Amino acid sequence: MTVKLKILDKYLDFMRTPEKVMRLDRMGSSFPTRLSFMRTLIRRMAKEAWRFERTLRNVDKEGYGVSVYSAITPNRTYSLIAFTQEIPADMRTDRVIAEVWDATFSLFDGVPTQEDIDYLANNTPLQEGGRYRPSELVLARANKSLRVFENIISSLASGVQPDLELISSVGYLMRTTAVYGSGKFGCADRAKIADRDECNAPFQVELLAVYLIRWFTIDMVEELAQERGGKKAVRLDKNISRFIGVGNSTGLGMAPFLLKHPSLIHNWVVAKETALARVRSIETALPGTIEVFLKSLLQVGQHIDEWNVADEVQSARISLLTDEIQALRMWCEDESNIYRPYPWNGIYQYVEDNFSFECQEMVVSLIIEPHGSIVDELADTMSTNSIPKFKADMTLSQLKEVVADAYNWATTIDFSLEESQHHFWYYSEDKLEPRFGSKGVDKGVDQEMPLAIGRDVHDLNKVLLETDDDISIGEFAMTYPQFRHIIRRIQNTYERPYSEVQDNLLSESMRPLDLLRFKLAFFGASKFDPKSDLWTRISMYQGAPLPDQISEPNHDCWSFPIAGRSQSYSCINCTCQKAG
Amino acid sequence: MSKSRLTISLNEVLFYFTRAGFGVNAPIGVSEDFARSNIWVAQNGFDPSECSLKALDNLDSRKSSLSIQFEKNENGSHLFCKEGNLLSALEASVSCVDWLEFNGLNGKLMVTNVDCPLLVVSALGANQCTGIKVSWLDNSNNHYQVNLCDETKWEIISSSEAPVEKSNNADIEISALNASEKISIKNGKIRTFNVTDEKLKTLNNGVKVGDKWPQIYEYFSRCLVKSSAESRASGAGAGLVDTD
């Protein structure tokens, strides 16, 4: 306790600034940490001893039909209702505008009646085309990885374990292509569940749905193998099944979310940066933590070896990361580099001075990892109910000061240049698919989404510079209502400085992918596999314990997993050791 | 989604009404506040499309204006449309909230010729402005008084059975809620709302929207860009058939 308090006292000196953190190049190099939302959810499942049951399996021999998988918490039950169907191969696409999927899901709040299941059978397979009720918390769909799916079924049916290399190269049996919550298509609003303990952290019901989908996919292949192979069939080896995650294809929808929820993003980033700062402020390493870190450097090397992507840019970054992690390991072999006062700050500083953003952010995750006892509580601070409010009582001179202090990055951009306003964001009438258009090429500039933060601040600043300080902001907004949204945003930034992406989102060189990776890392996703600058595939829950492993002592040790093996070293300072 | 008699979520109210406001050329910041006001309307059991369609129609047909002016005199303060037009409730509502936040409630605030008074009330409610009385006489000669008592309770007193969400075109008076003037309409019908209970009901049952909803959706649709083969081909994930 004394150690903890000392750390808390002085960590502020070690906080990275918003100017450093909220830049696209660093955001686009993010990795999950132990504060990521999947980690938080798994820790809660273990702590509260959640139970899991398959309560319905009404499918044919090909696996088509309906199943229900339930998570039973101390206070209530959540049920994943899964519908599976055969679809034409040429209609299997990751895009929002797809019309059919191998599997569709609703996460039901409670235990569904037959009437509920019948209602959802007529709606869930339609996805956006259906309508949902406040009893439904999440809507999702997934497509099979055909290669892995068939390989696993045929292997298990013939009594052998599947090709681990193939599983490693893909990472999942099914890939979700959308997971909707928070009132989408009539589903329950977040406010309905926000005060439940298990829903307090961000995206917990969405990630619970994904966790149950993962279980469903593994259960499905084992059942189908049994059906096909009879007595000869075997179940998946535990280490292999644990390595199977759920894929996800993420496109542009996540980018507007990040920009429209600045208070929430601030809380996420502050929690992570506080965790890092607390670790960097430790003068003498906590017992065992350095040793765990050194072992994790070895494991992460293997994890990176298994992270293979076709994208040239990411491939080059992974290759460099491999070399840098190797170089860091060699640097750490010199004990004088690490066994000294403020060892974690020394390691961080060395990496920041010498290596790529990709390596810097991976090391941030690695040095936070052995410090569960001093950082895990921060997970409770990552939500918010706060909605940015227009504050009419701020003075115009205060507003000018905030713009000058926090938006220098925006006011110094030359927006008269074509490349500074090359892109625009819009919603297509095709299922409201968000798109990233190019001016002069794509139609729809007039219907641009209000995400041009830098440009709007720049325009406001020009007017502010010509306006006397003696009028109130309320009067200013009456005269210039077109700036109301951006003033509100600036006022929010004044109180929540980590809320704003400090780059021009319209720039020709802007890659939406950086925003996606930033958000996905907070979710806990890994194995980022960009398919263009607009979308990426990822893996979720790879290495996480399955429902029957939640009570095992190593339930919280699954960062940077490696194929077919549990973590090669025991973790430290985390909740699972206490549970064990 | 464009059909009437739907049940929608509060998040959908936020999404569609923000863009419906933008669809009639209201600035995005004003549209965001308009949507928040509609959430308050919906949370209290009213159909937000019934309440807001007139305000959107008026802006779209230029019968109302967002142009607003402020003046102070010995009787209090006054917000009105510069051109003498109908004042859009979208602008009147945000300006009232701003005015109260900046000035507090010393004396009365008059807001002249507002097209949809309930939207002004809902903006005050959504911003937790309490201890306030809002009253008006509309163009059908219906007299309404809304008391925003505290954060948990508000009430409507009306001179007739006419639904408050259909009340249009009125001069609104906003003043402090004094116990002695709590009910100033003779033989008025009182309806009391418990904010927490009403919100809970809405969260458990959703927001029912009626026959005005398709027109709200129509305004929302103006924010959508028509799709073409080219734009479809440039979307995220384009050209890929799953083969992994």
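Computed from the coordinates by the stated procedures, all read-outs in this text should not be read as laboratory data. Please read all numbers here as calculations on a predicted model, not as lab measurements. Ideal geometry is used to build each Cβ from the backbone, glycine not excepted, and the neighbour counts take in all protein chains shown.
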* **Proximal aspartates and glutamates to B:Lys82, defined as alpha-carbon separation beneath 13 angstrom and excluding residues fewer than eight positions away on the same chain** => B:Glu71, B:Glu91
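I want the local charge near A:Tyr407. Using Cβ-Cβ distances under 13 Å, sum +1 for each Lys or Arg and -1 for each Asp or Glu among the other residues.
Details: positive: A:Lys400, A:Arg455, A:Lys462, A:Arg489; negative: A:Glu19, A:Glu401, A:Asp405, A:Asp456, A:Asp459, A:Glu500, A:Asp503.
After counting each charged neighbour, the total is -3.
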* Structure fact -> Ordered by number, the GluC sites (Glu not before Pro) in segment A:446-485 that occupy a DSSP loop and have at most 10 other Cβ atoms within 10 Å are A:Glu466
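In which sequence would A:Leu212, A:Leu146, A:Leu366, B:Leu118 go, from the one with the fewest C-beta neighbours within 10 Å to the one with the most? Mind showing how you got there, number by number?
Details: A:Leu212 27, A:Leu146 15, A:Leu366 24, B:Leu118 31.
Fewest-to-most ranking of A:Leu212, A:Leu146, A:Leu366, B:Leu118: A:Leu146, A:Leu366, A:Leu212, B:Leu118.
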* Length-normalised contact order for chain B - Cα pairs under 8 Å, 6+ apart - percent -> 26 percent
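With the contact rule set at Cα under 8 Å and sequence spacing of 6 or more, what percent relative contact order holds for chain A? List each step's numbers first, then the result.
Details: 1048 pairs, mean separation 130.2, N = 580.
Result for chain A is 22 percent.
Find out how many positive minus negative residues lie around B:Arg222, taking Lys and Arg as positive, Asp and Glu as negative, among other residues whose Cβ is under 10 Å from that of B:Arg222. Please list the in-between numbers first.
On the way: positive: B:Arg19; negative: A:Asp446, B:Asp60, B:Glu218.
Local net charge: -2.
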* So what's the net charge close to A:Thr113: Lys and Arg +1, Asp and Glu -1, counting the other residues with Cβ under 14 Å from its Cβ? -> -4
* Structure fact -> Ignoring trypsin sites (Lys or Arg not before Pro) buried by more than 13 other Cβ within 10 Å or outside DSSP loops, the longest site-free run in chain B is B:83-185
* To do: Using θ = phi - 60° and the Karplus relation 6.51 cos²θ - 1.76 cosθ + 1.60, list the HN-Hα couplings for segment A:229-236 in order, rounded to whole Hz, with x at every Gly or Pro.
  => x, x, 5, 5, 5, 10, 8, 5
* On Cα atoms only, tilt of B:117-126 relative to the major axis of chain B in degrees -> 80 degrees
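By counting other Cβ atoms within 10 Å of each Cβ, how are A:Glu335, A:Glu206 ranked from fewest to most? Display every interim value, and only then the final one.
Values: A:Glu335 9, A:Glu206 22.
Lowest to highest Cβ neighbour count: A:Glu335, A:Glu206.
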* With Cα atoms, 0 to 90° folded angle of helix B:28-43 axis to chain B main axis -> 70 degrees
* Asked: What residue among B:Asn205, B:Asn73, B:Asn187 shows peak mean-square fluctuation when chain B is described by a Gaussian network model with Cα springs under 10 Å?
  -> B:Asn73
* Once you put a point 7 Å from the Cα of B:Asn187 and another 7 Å from the Cα of A:Ser416, both along the Cβ direction, what distance in nm separates them? -> 7.1 nm
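Which of A:Val445, B:Val94 has the fewest other C-beta atoms within 10 Å, and how do the rest follow up to the most? Provide the component values of the computation, followed by the final result.
Working: A:Val445 14, B:Val94 31.
Fewest to most other Cβ atoms nearby, the residues stand as A:Val445, B:Val94.
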* Using a Förster distance of 30 angstrom, determine the FRET efficiency expected from the C-beta separation of A:Asp90 and A:Asp118, and round it to 0.05. => 0.50
* Structure fact -> Here, A:Arg235 and A:Leu146, labelled 7 Å along Cα→Cβ, have an inter-label distance in nm of 3.1 nm
* Report, in whole Å, the centroid distance computed from the Cα atoms of segment B:119-193 and segment B:51-73. => 20 Å
* Asked: Hey, rough spin-label estimate for B:Glu161 and B:Lys226, points 7 angstrom out along Cα→Cβ, what's it come to in nanometres?
  -> 4.7 nm
* **C-alpha long axis of helix B:195-205 to longest principal axis of chain B, angle in °** => 30 degrees
* Would you mind computing the Rg to Rh ratio of chain A from its alpha-carbon coordinates, Kirkwood style for Rh? => 0.97
* For segment A:422-434, just list the computed ³J(HN,Hα) in residue order, Karplus coefficients 6.51, -1.76 and 1.60, θ = phi - 60°, integers in Hz, with x standing in for Gly and Pro. => 6, 9, 8, 9, 8, 9, 7, 5, 6, 6, 6, 5, x
* To do: Among DSSP beta bridges whose residues both lie in segment B:6-220, state the antiparallel percentage, nearest 5.
  => 85 percent
* What's the percent breakdown of Cα-Cα distances in segment A:282-420 across 5 Å bins, shortest bin first? -> 2, 7, 13, 14, 11, 11, 11, 11, 10, 6, 3, 0
* To do: Restrict the search to segment A:343-440; then list the GluC sites (Glu not before Pro) that DSSP places in a loop and that have at most 16 other Cβ atoms within 10 Å of their Cβ.
  => A:Glu429
